[in-house]
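Visitor: Before we start, here is the structure in question, set down as structure tokens.
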Amino acid sequence: MHKKTPLNTGPEGGNESGSRFKMVKKRHRKTYETALSQGKVDEQMKELCSFVTGTENYFTSSCCSGRIMLLEKRGDKKTENFFHRKWHRNVTKKELLEGFLENVSGEMWFKLDPFILHIGCEDIEHANEILFAMKKSGVKRGGIMVAEEGKVLIELQGTEQMSFPLKLGKKMLVSEGYLSAVLPKANKMLSKNYKRLSTLCAEFQKQLR
């Protein structure tokens, strides 16, 4: 089904590569299991990540199922951004407006982020299996980020996203009516994002070993 293209065809290099991958996979599996036990894994990601973690040739290094949020920006750096409110599910009008009407010290933004998933693969051959499943599931964004001996890292991402400013300090840039009108569309996009994630999980379960 896919052309087999190992990074290193020599027996010694292959053994070293395999050993390195097993060590990296073991470390990430422990991290994932700890996060799972502490309730830090998004509900919509549990089945997919648990399946990938249980395979021989893959691991998950980080993931987010997608979310709607009110983000407070106090500067241009990522470290200066704070979650004012966030939901990994559809949001009610009451929840959104309550958060919107609260004061923040910086800018307030409405954001809808799609799912994002990082998967480690033992070699290029197994990375191709991930990319094949990605295409079968209809996920359009994805590719290899790192290709080294013993680790090939792939990033997959959904396409449903939305972002716009709500307030500059106490100054409102949109009305409650506008935000209420946008919310159903955002909820619909988030639901579509979760459906795509479920389809991706089903393809992984069919394709990966």
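None of the figures in this text is laboratory data; all of them are computed from the coordinates on show. Note that this is a predicted model, so its numbers are computed, not measured.
Visitor: Count of lysine pairs in region 77-150 with Cα atoms under 25 Å apart, counting only pairs 8 or more residues apart in sequence or on different chains?
Guide: Number of lysine pairs found: 9.
Visitor: Using 0.36 nm per residue of separation minus the Cα-Cα distance, give me the extension gain between residue 46 and residue 171 in nm, one decimal.
Guide: Value of the extension gain: 41.0 nm.
Visitor: Springs between alpha-carbon pairs under 10 angstrom, Gaussian network model over the chain: which of 160, 56, 98 fluctuates most?
Guide: 98
Visitor: With all distinct Cα pairs included, what does the Kirkwood hydrodynamic radius of region 11-207 come out to in Å, to one decimal, could you say?
Guide: About 18.4 Å for region 11-207.
Visitor: For the chain, set up a GNM with springs between Cα atoms under 10 Å and report which of 120, 169, 66 has the largest fluctuation.
Guide: Between 120, 169, 66, it is 169 that shows the largest mean-square fluctuation.
Visitor: Compare 181, 133, 147 in a GNM of the chain, Cα atoms joined below 10 Å, and give the one with the largest fluctuation.
Guide: 181
Visitor: Also: Could you give the distance between the Cα centres of region 30-72 and region 172-187, to the whole Å?
Guide: Here the answer is 30 Å between Cα centres.
Visitor: Give me the angle, in degrees from 0 to 90, between the Cα long axis of helix 176-207 and the longest principal axis of the Cα atoms of the chain, rounded to the nearest 10.
Guide: Here the helix axis deviates by roughly 10 degrees.
Visitor: Quick one: check the C-alpha center-to-center distance for region 82-113 versus region 127-142, whole angstrom.
Guide: Comparing the Cα centres of region 82-113 and region 127-142, I get a distance of 32 Å.
Visitor: A follow-up question, please. Do you know the relative contact order of the chain, to the nearest whole percent, from alpha carbon pairs under 8 angstrom that are 6+ apart?
Guide: Relative contact order, the chain: 25 percent.
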